[in-house]
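Some notes on the structure that comes next.
The values are calculated or read from the model by the stated rules, or taken from the named source; none is laboratory data. Computed from a predicted model, the values in this text were never measured in an experiment. Because the Cβ atoms are built from the backbone with ideal geometry, glycine has one as well, and the counts that use them run over all protein chains shown. Just the protein is used for accessible areas: all its heavy atoms, side chains included, with ligands, DNA and RNA removed. Shrake-Rupley method; radii C 1.70, N 1.55, O 1.52, S 1.80 Å.
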Amino acid sequence: MTHEPPPKLVPTTNLASPSKQAAPQGLDPTAKLAAASDSAPLGLERELPALRALVAKLAPAGDVDDLVQEVVSRALRYRDTFDGRRALGPWLAKTALNVCVDHRARRARETTSHEPLEPAAAPDTRVEEREHVAVLLAKLSRVERDVLVRFHQCGESVREIAAALGLAEGTVKSHLCRARKRLAEERP
Amino acid sequence: MKTDAEFWDAVNTALDERRDPLADDGVQDALAERPERLDALLALERRLAALPRLQPELAHRPWLVAAAAAAVILTLGGVGALVLWRLALPVPVDPTTVSAFDVGEQVIDFRIEVSRSVGGRRTVVRVVPDGTLRTQSLDTGETLASVSIESTRGNQP
């Protein structure tokens with residue numbers, strides 16, 4: 001699913017066709033790339049705002065431009081795999097997800113630590129998040145809370161949790177599933 | 001089109017296997033169809049990362065509670081036994097600092113005498129080693145009270 005990261009693009013990239021290299025002035029390099037290349041049939045330019053918004057949710061602010069550029073580059077490189085009868089947005093979104101996942105993997109290798117995909121939160125936000133999580137945990141049943149903490153904080157496997165609590169593994173997974181869904185959707 | 005249930009199934013499967021849900025093909029397809037699902041997934045990821053480092057609730061591990069209690073009791077019992085054993089041991093004596101005459105020295109004789117004089121009448125009470133209590137009363141012109149204890153230490157009774 002992941003692809004080899006392409007080299008970083010520069011505005012003078014030779015992906016553009018000669019006939020369109022002179023086009024739009026005043027656009028950022030990614031927009032120029034999308035407009036100047038043979039991407040017109042794809043309609044990449046129209047998707048750029050949504051693409052940027054998606055990437056901004058997944059990466060630190062300082063990396064967004066580079067990643068959007070990488071997504072466009074990858075889309076152009078693999079455009080032959082795009083089925084023109086389908087919508088471009090989902091195809092581009094999936095490409096963006098892959099680019100962001102690869103980006104996180106690269107950063108994880110560099111820092112040798114797991115970092116959340118979303119932009120790094122400020123300390124105040126983290127404290128707020130912890131308080132929020134404490135409230136959400138209190139709303140879970142005792143066994144859901146226990147299973148969730150054991151799995152995600154203590155690193156116990158489903159089998160270990162099942163053995164410790166005297167439950168079937170399927171039951172543990174059900175509790176985990178319910179607890180995660182509530183954690184994702186509940187508001188404090 | 002993937003339903004919400006299918007999306008969450010794919011997310012849970014990835015998490016159960018400790019994989020990144022965003023790298024999962026099924027999750028990506030679901031997100032590509034409806035990008036707004038990403039908000040819930042990111043909220044989940046953020047909240048899982050913010051889970052407090054709690055100890056799992058012990059109520060579900062009665063054997064662990066029993067083991068911990070047994071360990072505490074055994075430790076306290078062991079310490080107590082050790083203290084009692086140490087108290088029962090004779091105080092070690094450095095043989096180089098004790099003369100031959102000191103060895104086995106004990107009290108071989110003692111006398112306790114209590115004297116009390118009131119209004120010219122003096123009463124003396126003596127206790128001697130054989131346990132006899134002797135009382136003597138004398139008429140004197142003085143008023144006093146005193147206690148004396150004498151003991152004799154040696155090797156021979």
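Here the spin labels are modelled as points 7 Å beyond Cα on the Cα-Cβ line, and at A:Arg126 and A:Ala50 they lie 3.5 nm apart. Surface composition of the range A:123-186: carbon and sulfur make up 50 percent of the accessible area, probe 1.4 Å.
A simple spin-label model places pseudo-atoms 7 Å from Cα toward Cβ; at B:Val124 and B:Asp9 they are separated by 11.2 nm.
Just so you know, the Cα atoms of the range A:123-186 work out to an Rg and Dmax of 12.5, 40 Å. Using a 1.4 Å probe over protein heavy atoms, the accessible area lost on pairing A with B, summed over both chains, comes to approximately 3900 Å².
Normalised per residue, the accessible area of the range A:123-186 is 49 Å², obtained with a 1.4 Å probe and no contribution from ligands, DNA or RNA. Remark: mean inter-chain Cβ contacts per residue of A:159-165 equal 2, using a 10 Å Cβ-Cβ cutoff to other protein chain atoms.
Scalar couplings 3J(HN,Hα) for the range A:148-160, obtained by applying the Karplus form with A = 6.51, B = -1.76, C = 1.60 to θ = phi - 60°, are 4, 5, 4, 6, 8, 9, 8, x, 6, 7, 4, 5, 5 Hz; x denotes Gly and Pro.
Partner shielding of B:29-35 amounts to 5, given as the average count of beta-carbon atoms from other chains within 10 Å of each residue beta-carbon.
Other residues with beta-carbon under 12 Å from the beta-carbon of B:Leu15 carry, at +1 per Lys or Arg and -1 per Asp or Glu, a net charge of -1. Averaged over peptide A:132-138, the number of partner chain Cβ atoms lying within 10 Å of each residue's Cβ comes to 3.
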